[in-house]
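Undergrad: A single structure is presented below for examination.
The values are calculated or read from the model by the stated rules, or taken from the named source; none is laboratory data. In this text the structure is predicted, and so the values were computed from the model without any measurement. Cβ sites come from the backbone with ideal geometry, for glycine too, and all protein chains shown count toward neighbours. The protein model used for the area step is the full one, side chains on, heavy atoms only, and it has no ligands, DNA or RNA in it. Shrake-Rupley method; radii C 1.70, N 1.55, O 1.52, S 1.80 Å.
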Amino acid sequence: MEEAQPQRLSRADTLCVVTTKGAGVDESSKIGRHARTVLATAGALRQQAAALLAEPERLRGLAVLRHHDLGRDLTANVLRATPVDTLREVSPNLRTGALASAGFRTVSDVLRARRSELDAVPGVGQRTARQALEAARRVEDVVREHAGARLDPDHRDPVQTALLDVLFRLRRADRVLGPVAAPMTGWIADVETAAREADRAGGRLRMLFTRRRTRERALAALERLEGLLAEEGSVRATAARLTAPVDEDELWHDYERDAASYSTLLAELGDADGAVDAARGFLTSDVERQVDAVTLDTSRLTVSLRGYQEFGARFALARRRVIIGDEMGLGKTIEAIAALASIAARGRHVFLVVCPASVLVNWVDEIGRHSTLAAHRLHGARRDEAVREWLDAGGVGVTTFGTLAKLVLPRRHRLAMVVVDEAHYVKNPASQRSRAVEAVTRRAERVLFLTGTPMENRVEEFRNLVSHLQPEIAARTRADDAVAGARAFRRAVAPVYLRRNQEDVLPELPEQIAVEDWVEFGHEDFVAYQNAVAEGNLMAMRRAACAPGTVAGSAKLERLLEIVEESRENGWKVVVFSFFLDVLDTVHTLVGDDACGPLTGAVPAIERQRVVDEFSARRGHAVLVSQIEAGGVGLNVQAASVVIITEPQWKPSTEEQAVARCHRMGQVRKVHVHRLLVKDSVDARMREVLEHKSLLFDSYARESDAKHGHRGALDTAPSRAQLEQRIVAAERERLGMAVSG
């Protein structure tokens, strides 16, 4: 229950009492008691406010402890599952057979044993016991170093939940206190000053034997202090928001909703960005010093950066014309946006992104989602008008390789930065797209190339890319620079190239990384889609994006092959799932010799397993194409590192089961799951249905139900047939087609 706020007395009242000759003892005591009450209330409230401001730091300290607890727990779990024979990898001459026979079956068993227990094992002795303990401790050190701290919503336990609870409260504290921290800090300072000056008013005798001017100052300070206590409600409301209880289910739901932000916190707590050298791409010390001297302004970002991402953005700013080649899934796009935002915060406003048509939509969305920069789509029918708006208003123009040569830019205009995504597209210096990129980069103050392709495997292509950026480095790059391995190559080309691998910088990431790849229809696939909508054929609508059967005619197939190509460069195996047999046939044809399958419901179980075995046995890259329901049951495809789902499925469980075939115990790499989706299409409508959004209750659906006398359908779960009808109706209305009635 809140304390009653002291009744205010005016300064005139108090001054009258303490200055009037012969003032009664009762009156003077009343003023003193009132002042002491005000001072005590103010002191308690000031302490509470100061504790609120200190709460994030307190929670961070607690989170570090919980993080260590989880690390120890995970380490212990790994050691309990590690066979004792593993110790021979550390100490080759160690005889582990006798230990196993005596019941020491895991490394954990050895670590928990007393030296005397090991000495007493027949066939072991003191020397072997000492070797076993030393080897076990070395294994423990390695496991602890790499165990990280992962939160697994499918295997909740008290240790994970305790850490998640602290992280949730820390995020909440940062969010709640962010807008009020500065005003509250100022309020605390004002309270402290007023309380110090009003302190004299709390003593009757001190006030009686003090000069009038000093008494007036004390009483004025007391009045100010009473005014400051009007903020009591705000302080207590803030405290209530920070201490509001949250149950376990809500904690885990919040984690699943925003796992990336939690992972960023985990990285900060455990220094999970890995070794400094790895996070910095094994650059030379000279380049590191240059990067460290650059300050990144994040005021125009709306996303938190990992340590390695911030370093990547500063690398781009420091070196001015560079390649960032981080492995798929590490957030190269975020690093580029961070660099653009930092430059914009310093007053420069015109930037350009060049990318494949298949990811143009993603770039526009990501810029808007992660920064306050304006994104301008320089592509399509409004291209020239959009260019004028971009140059006038500033922001990030986003265009495609095919459109770049058609852009009309003022002759003397200098771009603050040009970002080229999937930069390996310009590896051929004689191609038209390479010439267009070269022309625009010559007019840019800074240039950033992005590519997930490991350049140490393609030294000649690397030279061609670097020639756009720093020709002097391209000239001195030799094929034998890569002979000594990836790290040596990166050091040799450090002034222009930064690459980090996933296992180096994100050991705490979940083992599955899901990405929604949104694309837009081109001409051919849109025509196929319009025809399917006109026919009211939902199945044809779902596969229309792949109907042209060519990369030139299908944005979805273009994006699919880009993912396959990047996977091939990284030596990763890919599984492509679709419900439709004709889509699988098309993918199989486009992939060519790398393809295995297709697996369909018509293929006998024994033959299916043979195809999977062939896929798994291939060295390096391969692509397995499979009908989603046939491949999602009974087969394990742990060899795959990338899963592509070509269209949304009606039941989320169908996709989950298919992904689970690849993402299982025994998988040694993280699994990237790409869902291919077309904006403004049946894909978007099905996602709305699956996410329980408003599609089913739009006006057209209500009108249609009313027309057919099915008003009750709005109050009950619609059937599959009703859902299909509504989706077709929605797309017909959106495309301006007559809705049959």
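Undergrad: Whole Å is fine, so just give me how far the alpha carbon centre of region 599-627 lies from that of region 548-594.
TA: First find each Cα centre; the distance between them is then 16 Å.
Undergrad: Moving to a separate point now. Which distance in nm do the two modelled labels at MET737 and HIS523 give, with both placed 7 Å along the Cα-to-Cβ direction?
TA: The two pseudo-label positions are separated by 2.1 nm.
Undergrad: May I pose another question? Going highest first, how would you order 100-106, 549-555, 173-179 by mean Cβ packing within 10 Å?
TA: Listed from highest to lowest mean packing, they are 549-555, 100-106, 173-179.
Undergrad: Right, another one. For a quick protection proxy, order the peptides 292-299, 587-594, 399-406 by their average other-Cβ count within 10 Å, most packed first.
TA: 399-406, 587-594, 292-299
Undergrad: Something else about it: Between ASN537 and ARG212, with labels modelled 7 Å along Cα→Cβ, what's the label distance in nm to one decimal, could you check?
TA: About 10.1 nm, to one decimal.
Undergrad: Work out from phi, with θ = phi - 60° and the Karplus expression 6.51 cos²θ - 1.76 cosθ + 1.60, the ³J(HN,Hα) of each residue of region 158-164, listed in order in whole Hz, and give x for Gly and Pro.
TA: x, 5, 5, 5, 4, 5, 4
Undergrad: If R₀ is 41 angstrom, what is the calculated FRET efficiency for the pair SER234 and ARG412, using the beta carbon separation as r and rounding to 0.05? All intermediate terms of the calculation are to be shown ahead of the outcome.
TA: Values: r = 54 Å, r/R0 = 1.32.
Approximately 0.15, to the nearest 0.05.
Undergrad: Which value in Å does the Kirkwood hydrodynamic radius of region 88-136 take, with 1/r averaged over all unlike C-alpha pairs and then inverted?
TA: By the Kirkwood definition, the hydrodynamic radius is 10.3 Å.
Undergrad: At a 10 angstrom cut-off on C-beta neighbours, averaged per residue, how do the peptides 559-572, 432-445 rank from highest to lowest?
TA: Sorting 559-572, 432-445 by mean packing, highest first, produces 559-572, 432-445.
Undergrad: Hey, can you grab everything whose amide H is under 5 Å from the amide H of THR302? Only 5+ residues off in sequence or another chain; H modelled, so Pro and N-termini drop out.
TA: For THR302, the qualifying residues are SER371, THR372.
Undergrad: Also: What whole number of Å gives the distance from the Cα centroid of region 385-433 to the Cα centroid of region 328-344?
TA: 17
Undergrad: Take every Cα-Cα distance within region 374-470, group them into 5 Å bins from 0 onward, and report for each bin the whole-number percent of pairs it holds.
TA: In order of increasing distance, the bins hold 2, 12, 24, 25, 18, 10, 6, 2, 0 percent.
Undergrad: While we're looking at this one, here's another question. Between LYS573 and residues 5 or more places away or on another chain, which pairs have amide H atoms under 5 Å apart, with H built 1.01 Å from N, and which residues are they?
TA: ALA622, SER641, VAL642
Undergrad: I've got another one for you. To the nearest 20 Debye, how big is the dipole of region 573-624 about its Cα centre, given +1 on the beta carbon of each Lys and Arg and -1 on that of each Asp and Glu? It would help to have the intermediate numbers written out before the result.
TA: On the way: 5 positive and 7 negative charges, 46 e Å.
That gives a dipole near 220 debye.
Undergrad: Please compute the per residue accessible area over region 37-195 with all protein chains in place, 1.4 Å probe, rounded to a whole number of Å².
TA: In whole numbers, region 37-195 has 51 Å² accessible per residue.
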